[in-house]
1. Hey, what does the equivalent ellipsoid look like for the range 170-290, semi-axes from the Cα gyration tensor as sqrt of 5 times each eigenvalue, largest first, whole Å?
2. Taking a spot 7 Å from the Cα of residue 150 along the direction of its beta carbon, which residues of the range 174-194 have an amide N less than 18 Å from it?
3. Please go through the residue pairs 143/174; 151/235; 5/81; 5/151; 26/181; 2/242 and name each one whose alpha carbons sit more than 27 Å apart in this structure.
4. What FRET efficiency do you get for residue 284 and residue 65 if R0 is 41 Å and r is their Cβ-Cβ distance, rounded to the nearest 0.05?
5. Test of understanding: what is the full-extension gain from residue 136 to residue 22, defined as 0.36 nm times their sequence separation minus their Cα-Cα distance?
6. In what order do 28, 146, 244 fall by count of nearby beta-carbon atoms within 10 Å, going from fewest to most?
7. I'd like the trypsin sites (Lys or Arg not before Pro) in the range 177-222 restricted to DSSP loop residues with at most 15 other Cβ atoms within 10 Å, sorted by number.
8. Expressed as a rounded percentage, what relative contact order does the range 5-256 have, with Cα pairs under 8 Å and six or more residues apart?
Amino acid sequence: MKIRKAVIPAAGLGTRFLPATKCFPKEMIPVVDKPLIQYMVEEAAASGIEQVVLVVSRGKDQLASHFDAAPELEDALKEKKKTALLDEVRRLNGLCEIIAVRQERPLGLGHAIGCARGVVGDEPFVVMLPDDMIFCPEYPGCKQLMDVYEKYGESVVGLIETPPHQVSWYGMVKFEPVADKVVRVLDCIEKPKPEEAPSNLGIVARYLFTPDIFDAIAQTPPGIGSEIQITDAIKRRAREGKIMGRIFDGLRFDAGDKLGFLEATLHYALHHPELGGRFREMAREMLNKK
């Protein structure tokens, strides 16, 4: 089946960014001039996704509102003849259909994905972590997974080569090579010690699931942190031979971490079509002063 839907779990408390996120969703924090959630929806749209399901908690209604029509703002921009800004505001409303569903309790990423079952139904779908940025303009991260699905017809997880000191941050996979940058996942371990990791490939950022993942999630008991871990559901399907992996092209930034967010901001600012040149000069001047 064609991949038409993406799920973005966005119900977290954003504790790594406190105090900024005390009253403000982490997903609305801007990287240069766009909030994190917009980068995700733009990537989904560029990959051919038609509908985005936001899994949110209480107080995060503005995530969906960011993509709504804004008549008063549009009228003001039109009156002031700010045509470029007007076009940008209107463009947001046409990227994808946006649907919000509620995760009432923070019971883990697996549980958050399961909350989208009623909207996703019996279709394959993409999952995008909203603070995990994949910079590859010519080949969006979602599309990389979708191309593997189209060839093999199985669920696909995004992978990166992980340095030893970061192994305990991710679900690490045991695998066998299939094609260039494509593997079959045989097993995975959530956040192992470096000496216990089955390889240096970790699951990050993007997933593509066939709808049977919902049954795997429903059968998964709480794991680390008393949460339903999506890695445990993936492990169940991997042992049945139903999970592929795609080593990402491009650069990946963990914008949910303060240092990773600064790295992402620096990178996206340097590549900004309007600000990049001036920002590069400014950064060089500031470094020279040191």
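1. Semi-axes from the Cα gyration tensor: 37, 16, 14 Å.
2. Answer for this model: 179-183.
3. Numbers: 143/174 24 Å; 151/235 22 Å; 5/81 36 Å; 5/151 18 Å; 26/181 32 Å; 2/242 18 Å.
Result: 5/81; 26/181 exceed 27 Å.
4. The calculated FRET efficiency here is 0.60.
5. Full extension of this stretch gives 37.9 nm more.
6. Going from least to most buried by this count: 28, 146, 244.
7. Here the sparse-neighbourhood loop sites are 181.
8. Reported relative contact order: 23 percent.
Taken together, the values in this text are just the output of simple stated rules run on the coordinates, not laboratory data. Every value quoted in this text rests on a predicted model; they were computed, and no experiment measured them. Positions of Cβ are backbone-derived with ideal geometry, glycine not excepted, and every protein chain shown enters the neighbour counts.
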